[in-house]
1. Which percent of the accessible area of region 336-396 is formed by carbon and sulfur heavy atoms (probe 1.4 angstrom)?
2. Less than 13 Å Cβ to Cβ from ILE302, Lys/Arg counted +1 and Asp/Glu -1: what total charge do the surrounding residues give?
3. So which lysines pass the test for LYS136, namely a Cα distance under 21 Å, with those fewer than 8 places away in the same chain ruled out?
4. Per Stokes-Einstein, at 10 °C and 1.306 mPa s, what whole-number D in µm² s⁻¹ belongs to region 105-182, with the Kirkwood radius over Cα pairs as the hydrodynamic radius?
5. For region 384-396, take each phi angle, set θ = phi - 60°, evaluate the Karplus expression 6.51 cos²θ - 1.76 cosθ + 1.60, and give the result in whole Hz per residue in order, putting x for glycine and proline.
6. Computed FRET efficiency, Cβ-Cβ of THR394 and ARG208, R0 45 Å: what is it to the nearest 0.05?
7. By how many nm would the segment from GLU94 to LYS38 lengthen if fully extended, with 0.36 nm per residue of separation less the alpha-carbon distance?
8. Could you check how much of the accessible area of region 104-260 is carbon and sulfur, as a whole percent, using a 1.4 Å probe?
Amino acid sequence: MILVMKKDPVVIIGGGFAGVYTAKELLKRNLPVLLISKTNHFTFTPLLHEVATGSLISHDVIFEYESFFKEKHFQFARGLVENIDLKKRTVSVEAEKIAYSQLVLALGATTNHWNIKGTDKAFTLKNVEDAVKLKKAILETAQNIDQHASVTVVGAGPTGLELVFDIQLMLESLKKRNENLHFTVRLIDSRKAVCSMGSKSVDGYIARALKKAGIEVVCGAYAQEITSDKIITTEGEFASDVTVLCAGVRPNTDVFKKILKLDDRGHIIVNSHLQVLDDPSVFAIGDAISIDGEPVPKLAQIAVREAPVVAANIARIHYGSRELTRTYTPKVLGTLFSLGFGDGVGQIQGRVVKGVLAWYLWRTVYLFKTPGLGNKLRVAFSWTLGLFQGRNLTEL
Ligand SMILES: Cc1cc2nc3c(=O)[nH]c(=O)nc-3n(C[C@H](O)[C@H](O)[C@H](O)COP(=O)(O)OP(=O)(O)OC[C@H]3O[C@@H](n4cnc5c(N)ncnc54)[C@H](O)[C@@H]3O)c2cc1C
């Protein structure tokens, strides 16, 4: 990998929401950008549960960076960054050292295993490979000769909730083909009440929807151990052929512990300009940061709104200004969850929306947010096909 740019580029580590939207904003300002990421594609995470349950296929939710950024002053390098030399202003990707003018850390977060034993037996939902593995495991257990399937989702946050409703519907589709199939779908959460989305009306709606769907809910239970056929919790043991861990995430900063100033939960500490405190040429953004000591909500909508702030500040430095003008204060504008096909709930600017309207809004919003026309068309096509053909229940 030989990288030649006339000027040292702005290097972005991480090609998730934070990294990609920052690249887009920097390119608009005519700055040379080099994006480094572990994979060659961006993943549209809000629709991953639909890949795991057959409403979409894997290629609907990923796109290759180089097909999206056509600008001449954009470069992509695939690899895992394991070291940064802040003094020499270089990052190390395998044997290569890459010089930067400014650096943006957009490392994201990884599944938190909370010291639960046997997490190697659990499934997660952080990327498209996870979604495909999970779908295959559910199909294997449901189409197994013994015709009984038990699936447990640990964690009733937005990801766990959206997933559990779709798993229930996927198993119902399989039961239509084979009435001898018996299945249990269970949602386990450590909180006393299963939902706390910040509104009694939203929480009540979700609790009723879980009951109506026939999803077993176990509250106040901390997962302790996962095996290939059960889950052991503080509230007892439950049969579980497939256990999915959706119990939260932690910053993806382990390899940079000695290099960067992190808070006690591993977030990179930045100021309100999103600038790393020890080094004015380094910025950090997305799930991996805390601003002035406060972790920001781990949401794509936050990462996307941080991007123009970082880009504007970097552009000011690049074009010779000493003073940074743009600051960011995290604010969640709204939430929308799908609760399976045709049902949803959420809050938009304080107003609660429920039922089919919320679901329709959810689909519309995420269709529009899917980056690139090609991907939008793919998602719209898969959803339309699904209306006539049902779920895609192949193993991939
Ligand atoms: C299943 C799921 C559903 C979600 N649904 C929603 C939703 O509906 N609405 C919403 O607002 N948010 C949602 N989120 C949260 C949202 O995905 C995150 O907030 C968002 O992805 C954060 O962006 P990021 O760029 O900080 O991190 P990520 O998107 O996680 O990107 C991090 C990137 O960094 C790369 N990377 C990490 N370390 C290195 C390294 N050392 N070297 C090279 N590359 C590295 C990774 O490969 C990845 O490309 C969901 C998340 C998940 C997992």
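The values are calculated or read from the model by the stated rules, or taken from the named source; none is laboratory data. Note that the structure is predicted; figures quoted are calculated from it, not measured. For neighbour counting, all protein chains shown are included, and Cβ atoms are generated from backbone atoms with ideal geometry for every residue, glycine included. With ligands, DNA and RNA removed, areas are computed over all heavy atoms of the protein, side chains included. Shrake-Rupley method; radii C 1.70, N 1.55, O 1.52, S 1.80 Å.
1. It is 65 percent, rounded to a whole number.
2. 0
3. Filter leaves LYS121, LYS126, LYS175, LYS176, LYS230.
4. Taking Rh from Cα pairs, D becomes 113 µm²/s.
5. For region 384-396, the Karplus-derived couplings read 5, 4, x, 4, 9, 9, x, 5, 8, 9, 6, 7, 10 Hz, x marking Gly and Pro.
6. Efficiency computed from Cβ-Cβ geometry: 0.85.
7. Net length gain for the segment: 19.0 nm.
8. In region 104-260, the share of accessible area belonging to carbon and sulfur is 49 percent.
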